[in-house]
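We did not get these values from a lab; they are worked out from the coordinates using the rules stated. As the structure is a prediction and not an experimental result, all values here were calculated from the model.
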Amino acid sequence: MKYGIIRFKNILYVADPSEEDLKAFHHAVGLAERNNAWLTVILVAERMPHYLTRLAPHMLPQIQIEELMAGLDRLSEWAAGRVEIETKVVEGTPFLEIIRDVLRNGRDLVVKSAEGNGGALDWLFDTTDMHLLRKCPCPVWIIKSPEPTQIRRILAAVDFDELDPPNEDAAEPLNRMILELAGSLAFLERSEFHVVHAWEAFGEDLMKSGRTAIVKEEVESYVSKVRLGHRYWLDRLLRKARKWIGSKTYDAVKPKTHVPKGRAGKVIPSFASKLKVDLIVMGTVARTGIPGLIMGNTAETILSQISCSVLAVKPPNFITPVTLEE
């Protein structure tokens, strides 16, 4: 691994038969080309209703598969000479078949166009996208249609749990993955690299409400100390990141750090919009004790508001609830 750069080697692109905007596919091909990676294009056909298959039990499914394969062949022709590419059509529930392919073949990245027209509110909670963001064991890159072919600005969102015991940072392995991926992409794509950590001062509103005997100066001093604590935490994390991704890569991408005050679910989407971010790299699974079943509330709040693409990362110990068996 040169200079600590993470390079994807086994990329799965999820095709859509109704897909007209091929920016996501162009991103997948370009990423595979720059990483000298193997690219697989998968298209999941929903199973036909029984009443249709009874009318023509052999002909209809075969016609459907042939039409879908023809579309994938056109994608292969476009990428010919640039990357090694394999195409496949499978039948079943899309998110299950995608995750099963990841498990069977050791994919290290899934790339997919966002469902809907690319707007923030089109990400509903029972879509294939959300199932993948919750349950896929490898990173998932959901590309929204407004995203330009060139990734100009990448934002890595990092956080920690204030309830952790002193000198223990349970979120560090996930933050490391986020920063390594975001930093590597920023280097490969020659993008601006921003790191954001939102913070709040617990109890500040109560202290300011007049229902306590705490005076204004004491509240301000407390909030200032909390701000400095979060700033110190982020600075320390970035010093570690310099070792994780390599000093040459780190110095090349020159991450710009931001510590805005406010609830992460509100601050980060607003900050990303103001900065005109093209891609947010963030963790999507909270520590729930139920592997893979519950996405963090903050993550879902952020995802429901952003209008840019997202690269979702799971903790290293994440176990998907999806199995290879039906």
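Converting phi to 3J(HN,Hα) with the Karplus coefficients 6.51, -1.76 and 1.60 and the offset θ = phi - 60°, segment 172-182 yields 4, x, 5, 4, 4, 4, 4, 6, 5, 5, 5 Hz in sequence order, with x at every glycine or proline.
Largest first, the extents of the alpha carbon coordinates of segment 152-326 on the three principal axes equal 58, 45, 34 Å. Among the listed pairs Lys276/Lys314; Lys144/Lys248; Lys135/Lys256; Lys88/Lys276, those whose Cα-Cα separation exceeds 28 Å are Lys144/Lys248; Lys135/Lys256; Lys88/Lys276. A compact globular protein would have a Cα radius of gyration near 2.2 N^0.38 Å; the ratio found for segment 163-252 is 1.44.
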